[in-house]
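A short reminder: the numbers here are calculations on the coordinates, not readings from a lab. Predicted, not measured: the structure shown is a model, and the values here were computed from it. All Cβ positions, glycine included, derive from the backbone under ideal geometry; neighbour counts span all protein chains shown.
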Amino acid sequence: MDILDFLQRLMCWLGFHDFRVLEVTFGFGEAGDVEKVECKNCGYVTTRTKRRD
Ligand SMILES: [Zn+2]
């Protein structure tokens, strides 16, 4: 097994995904922008909110 491959799987398993942004939905008012992101390693897709200060 490739050690880098193993480390990436381990990081994903621990919740540290290597995300790339699929799309960004701009929030209104107090709401932050919502990014739809996908992990480059395992394909895990989720959304995250970016706060604007
Ligand atoms: Zn991942």
Check your understanding: Over the chain, what is the mean sequence separation of C-alpha contacts under 8 Å (at least six apart), divided by residue count, expressed as relative contact order in percent?
Key -> 29
Point to revise | Mean projection area, nm², convex hull over Cα of the chain | key: 4.2
Check your understanding: So how far apart, in nm, are the two label points at Glu23 and Arg48 if each is 7 Å from Cα heading toward Cβ?
Key -> 1.9
Review point. Relative to the Cα centre, what is the charge dipole magnitude of the chain, using +1 at the beta carbon of each Lys and Arg, -1 at the beta carbon of each Asp and Glu, and rounding to the nearest 20 debye?
Key: 80
Review point. In the chain, what GluC sites (Glu not before Pro) fall in a loop by DSSP, with at most 10 other Cβ atoms inside 10 Å?
Key: Glu30
Revision key, fill the gap. Nearest 10, in degrees from 0 to 90: the angle of helix 3-14 to the longest Cα principal axis of the chain is 50
Point to revise | Within the chain, helix-based [θ] at 222 nm, where runs of 4 or more DSSP H residues each add -39,500 (n - 2.57), nearest 500 | key: -7000 deg cm²/dmol
